[in-house]
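Peer 1: My questions will all concern the structure given below.
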Amino acid sequence: MSAVAKSRIKDPSLAPQGEDSIYLAESRMPTLLRLRRRFSEEKPLKDIRIGACLHVTRETAVLARTLRAGGAEVALAGSNPLSTQDDVAAALVEEGFHVYAWRGNDKEYYDCLRAVLIEEPDILIDDGADLIVTAHGGPSSYLVKVIGAQEETTTGVNRLKAMERKGALRIPVMAVNDARTKMMFDNYYGTGQGVVSVIAALDILFAGKTVVIAGYGNCSKGMALRSKGLGANVIVTEVDPLRALQAVMDGYRVMPMAEAAPLADMIFTATGCIDVVTGEHFLGMKDGAVLANLGHFNVEISVKDLEGMAEKRRVREYVDEYILPNGRRLYLLAEGRLANLVVLGGHPSEIMDLSFSVQALASEYLVKNRGRLERRVYGIAPEVDLGVARVKLETLGVGIDSLSEAQRAYVEGFEIGT
């Protein structure tokens, strides 16, 4: 690992490769680039320091450049020890960003978060809420200048809402994850397409296989759809009766994990909960079954149980084989971390174009409303969602209808009860 002023990255010499990677991402993120042009002219983030904990990918670099165009100074740490693209990190440092991230920084993960917080940011941008939670648990200087924060994952928003309920949240937070342009596209299409991480890691065939999808939230719905589209027989497990019923009516078999696991050729998790697949399930699984987590934290597939009951060996990069006492073999991707990020490099740029446009606009909103927001979790304003969607449609060359004055009056009449 090399040390650069106000940065800790793996290899600065990778910067040219990272520049090429960012260039390709920008070519597929026209919504964010259009926003960048406005930011360059108006400077809505002038003199603002932003501390971010995000997956350090080519798409994140496009966001960082956009925030800087708006006048901000940006410090960035990785939000997962295995998701950092080292060439992108090097390119950002070459451009003058403060980056504290390298692939494999398990032991120094929280040191990187603290390095960002030491720079006394005005705005926190988070992916999983680790940065915000660390700021609350550290010295008061970590939050002394913070005017607000943003969180872009379901897991992170749930953590922060729990803090709010307990009266422990000390800053306003924008729930970027709850924006429709995030949940309907990033979660559904982005995470859904992440099932192909198994193809990238193991060259595995989906057609005719039995794929078990844990949960039926937006991420899992996308994974079920993509697995079905690849020819798999899909089983869904759920704890929520309404979501389970929806999965049934979408044409999937639904059953408890204890019944599904022995049938599975592959199991995907993205529930945000702990111990979704554990030792009791592993022992009954087929020889050669694959386990892949696409949820934010590596707690859904119990790696601890696997380590305690099976013999482990690395058979391919990011693929570990576990030989159980009964002789059967299970294959775990990415050490139980985000398989789509570790193996594939994350969501497609076209998807992150939407989510990161919302992130940039949320930063602008926090600055405009400095001192007027309460210490709670806020949703994203509908006009922000709709605005991002309209621009995305324009960049795709897609036109839509608009309400006539008569139609608008008719609809608004219903809304006010006339």
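Peer 1: Taking the residues in the range 250-308 that are in contact with an Asp or Glu (Cβ under 8 Å, 6 or more places away or on another chain) and among the charged types (D, E, K, R) as candidates, determine which candidate is farthest from PRO81 (Cα to Cα).
Peer 2: LYS286
Peer 1: (1) within 17 Å of ALA149 (Cα to Cα); (2) out of contact with any Cys (no Cβ under 9 Å at 6 or more places or on another chain): which one isn't true of CYS53, the others all being true?
Peer 2: Answer for CYS53: the failing condition is (2).
Peer 1: Can ALA292 be described as in contact with a helix residue (DSSP H, G or I) (Cβ under 7 Å, 6 or more places away or on another chain), of a type in the set (Gly, Ala, Ser) and either without any contact (Cβ under 8 Å) to a residue 40 or more places away in the chain or under 19 Å from VAL212 (Cα atoms) (or both)?
Peer 2: Yes; evaluated as a whole, the condition is true for this residue.
Peer 1: Within the range 234-249, which residues are in contact with a Phe, Trp or Tyr (Cβ under 8 Å, 6 or more places away or on another chain) and either touching a residue at least 40 places away in the same chain (Cβ under 8 Å) or surrounded by fewer than 13 Cβ atoms within 10 Å (Cβ to Cβ) (or both)?
Peer 2: Result: ASP240, single match.
Peer 1: Separate question: So how many residues does the range 194-214 have that are within 17 Å of the chain's Cα centre (by Cα) and surrounded by 19 or more Cβ atoms within 10 Å (Cβ to Cβ)?
Peer 2: So the count comes out to 3.
Peer 1: Something else now. For the structure I just gave you, tell me whether ALA201 is over 25 Å from SER355 (Cα atoms), in the same structural domain as ALA261 (by TED's automatic domain parsing) and either in a helix (DSSP H, G or I) or among the basic types (Lys, Arg) (or both).
Peer 2: Considered against the rule, which asks whether it is over 25 Å from SER355 (Cα atoms), in the same structural domain as ALA261 (by TED's automatic domain parsing) and either in a helix (DSSP H, G or I) or among the basic types (Lys, Arg) (or both), ALA201 comes out as yes.
Peer 1: Another one. Looking at the structure I just gave you, is LEU354 touching a residue at least 24 places away in the same chain (Cβ under 8 Å), assigned by TED's automatic domain parsing to the domain that holds ILE267, crowded, with 24+ Cβ neighbours inside 10 Å and under 24 Å from the mean Cα position of the chain (by Cα)?
Peer 2: no
Peer 1: Does ARG372 fit the bill of being in the same structural domain as LEU33 (by TED's automatic domain parsing) and either modelled with pLDDT under 95 or exposed (fewer than 14 other Cβ atoms within 10 Å of the Cβ) (or both)?
Peer 2: Criteria met by ARG372.
Peer 1: Mind checking whether some residue in the range 364-382 is over 30 Å from GLU42 (Cβ atoms) and in contact with a helix residue (DSSP H, G or I) (Cβ under 6 Å, 6 or more places away or on another chain)?
Peer 2: The answer is no; no qualifying residue exists.
Peer 1: Residues of the range 305-317 being within 24 Å of ALA200 (Cα to Cα) and buried (at least 18 other Cβ atoms within 10 Å of the Cβ), which ones?
Peer 2: LEU306
Peer 1: Answer yes or no: is there a residue in the range 272-283 that is within 13 Å of the chain's Cα centre (by Cα) and of a type in the set (Val, Ile, Thr).
Peer 2: No, there is no match, as no residue in the range 272-283 is within 13 Å of the chain's Cα centre (by Cα) and of a type in the set (Val, Ile, Thr).
Peer 1: Here is a follow-up. Against the conditions (1) in contact with a Gly (Cβ under 7 Å, 6 or more places away or on another chain); (2) without any contact (Cβ under 8 Å) to a residue 40 or more places away in the chain, where does ASN340 fall short? Just the number, please.
Peer 2: (2)
Peer 1: For the range 325-335, check the following and say yes or no: at least one residue is of a type in the set (Gly, Ala, Ser), more than 30 Å from VAL74 (Cα to Cα) and surrounded by fewer than 20 Cβ atoms within 10 Å (Cβ to Cβ).
Peer 2: Yes, the conditions are met somewhere in the range 325-335.
Peer 1: Sticking with this one: Inspect all residues belonging to the range 295-304 and state whether any of them is over 23 Å from ASN177 (Cα atoms), polar (S, T, N, Q) and surrounded by 20 or more Cβ atoms within 10 Å (Cβ to Cβ).
Peer 2: Checking the range 295-304: at least one residue is over 23 Å from ASN177 (Cα atoms), polar (S, T, N, Q) and surrounded by 20 or more Cβ atoms within 10 Å (Cβ to Cβ).
Peer 1: Give GLY397, GLY379, GLY413 a once-over and let me know the one that is surrounded by fewer than 17 Cβ atoms within 10 Å (Cβ to Cβ), among the small types (Gly, Ala, Ser) and in contact (Cβ under 8 Å) with a residue 60 or more places away in the chain.
Peer 2: Exactly one residue qualifies, and that residue is GLY379.
Peer 1: Sticking with this one: Yes or no: the range 127-145 includes at least one residue that is of a type in the set (A, V, I, L, M), over 21 Å from the mean Cα position of the chain (by Cα), at pLDDT 95 or above and crowded, with 20+ Cβ neighbours inside 10 Å.
Peer 2: So far as the range 127-145 goes, no, none of its residues is of a type in the set (A, V, I, L, M), over 21 Å from the mean Cα position of the chain (by Cα), at pLDDT 95 or above and crowded, with 20+ Cβ neighbours inside 10 Å.
Peer 1: Within the range 16-29, is there a residue that is assigned to a strand (DSSP E or B) and at pLDDT 95 or above?
Peer 2: Within the range 16-29, not a single residue is assigned to a strand (DSSP E or B) and at pLDDT 95 or above.
Peer 1: Which one of these is more than 22 Å from ASN80 (Cα to Cα), touching a helix residue (DSSP H, G or I) at 6+ places or on another chain (Cβ under 7 Å) and of a type outside the set (Phe, Trp, Tyr): LEU143, LEU160, LEU124, LEU117?
Peer 2: Answer to the check: LEU143.
The values are calculated or read from the model by the stated rules, or taken from the named source; none is laboratory data. This is a predicted model, so every value here is computed, not measured. Using ideal geometry, Cβ is built from the backbone for each residue, glycine included, and neighbour counts are taken over all protein chains shown.
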